[in-house]
Amino acid sequence: MKKEKINFYPVILAGGRGTRFWPLSRKRRAKQLLALDGSQTMIQQTVHRVQTLAQPNQFWIITNDDCCGEIYRQLPRLLKKQVVAEPVGRNTAPAIGLAAFILLRKDPNAVLGLFPSDQVVRDKDAFRKTLKQGIEIAASGENIVVLGIKPNRPETGYGYIESGDLAPNGAARVRRFTEKPNAEKAVEFLQAGNYSWNSGMFIWRVRTLTNALREHLPKTAAILEKIGATFGTSKFTATLRKLYPKCENISIDYAVLEPRSAKGEQASNIFCLPADFGWNDLGSWTALHEHHTTKTPSQDSNLIASDGIFTLHAQGNYIHAPTKFVAVVGVQDLVIVETEDAILITTRERSQDVGKIVKHLDEKKLKKLV
């Protein structure tokens, strides 16, 4: 018997500012619009990973006004109406919910996939194989599927998923989602063997998601439904700008996944597909350095973009000064990033604090630097 065709719509979230990648990441050319891992930008890589599973007219990008123009330029095959600009940032629940309520009238049984636009996946084939399995599970009922990442270290920077029994569909039932743990808990999770990192990639039918939002986030769901009803009309932009700021500022994890998982392992219909496809969310300059030096090991672990290099007794540095000759002598674990109007100097240990610079620049209204 021939399988019924599943319409799959990838929804790519591309509204973040990427403040921890300042000074390279700016409002109009944020982290997801930079080529941090090869010749393609992060958002181009994200689209490329799933384009064998969806047609160009099935992709949706949720972003902001600042990034729209560059996204049009980088993804010319997408229709402009498929790039929706949030008037204000309201976190992941309203963003994915907006796409779901737009599609509800068109194709309620279609499957939506939620993908952050700034992650790296090394093994594309393994990723697509896992994604296909997730799409089939999501299409088969009121199921929510999360792609989990098998942890290889006690990481404190990610949320975790605790898995329970293996279901007949080949995925593990989710017991609970946990927030970023302390170091001791992270070691416990790694040793337990049934915890995965939460990748932020989720799969569900359109109707499943809209029903879950109506149940767990009713006020915001009602607003999104009103906005979605105007899509394709001349009223859409004005309605979006008027109503969207009234949505609650909340992640899909807090809004839907945690209350849904509280129903219990058997009743929640949340499934985890633990996978190992070389995933990295590149959350900081340090994470980028580690990603590249793991992929291409070198004796000194220096990663330097320059117009000529001299190094002496220098190790573990990340330096971005592509138009300059760079000499590095007797230093280690530094992060130095040069642009036309700014220079960042920090250590790999403190690179998570770079976002505080952007907060300072915002407070001082130094707009040309953000």
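The values are calculated or read from the model by the stated rules, or taken from the named source; none is laboratory data. Small disclaimer: the values here were computed from a predicted structure and weren't measured. Positions of Cβ are generated from backbone atoms using ideal geometry, with glycine treated the same way; all protein chains shown enter the neighbour counts. Quick note on the areas: whole protein, heavy atoms, side chains included, nothing else; ligands and nucleic acids left out. Shrake-Rupley method; radii C 1.70, N 1.55, O 1.52, S 1.80 Å.
Taken together, the criteria place residue 82 among residues that are more than 28 Å from residue 172 (Cα to Cα), open to solvent by less than 30 Å² (accessible area, probe 1.4 Å) and within 20 Å of the chain's Cα centre (by Cα).
Quick one: in region 93-134, which of the residues that are closer than 16 Å to residue 51 by Cα and aromatic (Phe, Trp, Tyr) is farthest from the chain's Cα centre (by Cα)? Among residues in region 93-134 that are closer than 16 Å to residue 51 by Cα and aromatic (Phe, Trp, Tyr), the one farthest from the chain's Cα centre (by Cα) is 127.
Do we have residue 123 as surrounded by 19 or more Cβ atoms within 10 Å (Cβ to Cβ) and not aliphatic (A, V, I, L, M) here? It is false that residue 123 is surrounded by 19 or more Cβ atoms within 10 Å (Cβ to Cβ) and not aliphatic (A, V, I, L, M).
Just the residues that are open to solvent by 20 Å² or more (accessible area, probe 1.4 Å) and either closer than 25 Å to residue 206 by Cβ or in a helix (DSSP H, G or I) (or both), please, taken from region 59-77. Write out each step before concluding.
Within region 59-77, the first condition is being open to solvent by 20 Å² or more (accessible area, probe 1.4 Å), and the residues that meet it are 64-66, 69-70, 72-73, 76-77.
Across region 59-77, the qualifying residues are 64, 65, 66, 69, 70, 72, 73, 77.
For region 280-356, the strands (runs of 3 or more DSSP E) that sit wholly inside it and include 3 or more residues that are open to solvent by 20 Å² or more (accessible area, probe 1.4 Å) are 303-306, 309-312, 334-338, 343-347.
Per the listing 283, 264, the residue uniquely within 26 Å of residue 162 (Cβ to Cβ) and modelled with pLDDT under 90 is 283.
Taking region 361-370 as the search range and keeping residues that are in a helix (DSSP H, G or I) and either among the aromatic types (Phe, Trp, Tyr) or open to solvent by 90 Å² or more (accessible area, probe 1.4 Å) (or both), which one is nearest to residue 309 (Cα to Cα)? If you could, list the steps in order and put the result at the bottom.
Applying the first criterion (in a helix (DSSP H, G or I)) to region 361-370 yields 361-363, 367-369.
Within this subset, residues satisfying the condition of being either among the aromatic types (Phe, Trp, Tyr) or open to solvent by 90 Å² or more (accessible area, probe 1.4 Å) (or both) are 363, 367-368.
Working: 363: 37, 367: 33, 368: 30 Å.
So the residue we want is 368.
Can you tell me which residue in region 104-132 is nearest to residue 85 (Cα to Cα), limited to those that are in contact with a strand residue (DSSP E or B) (Cβ under 6 Å, 6 or more places away or on another chain) and in a helix (DSSP H, G or I)? The qualifying residue nearest to residue 85 (Cα to Cα) is 127. When every residue of region 292-305 is checked against the conditions, at least one turns out to be over 25 Å from the mean Cα position of the chain (by Cα) and hydrophobic (A, V, I, L, M, F, W, C).
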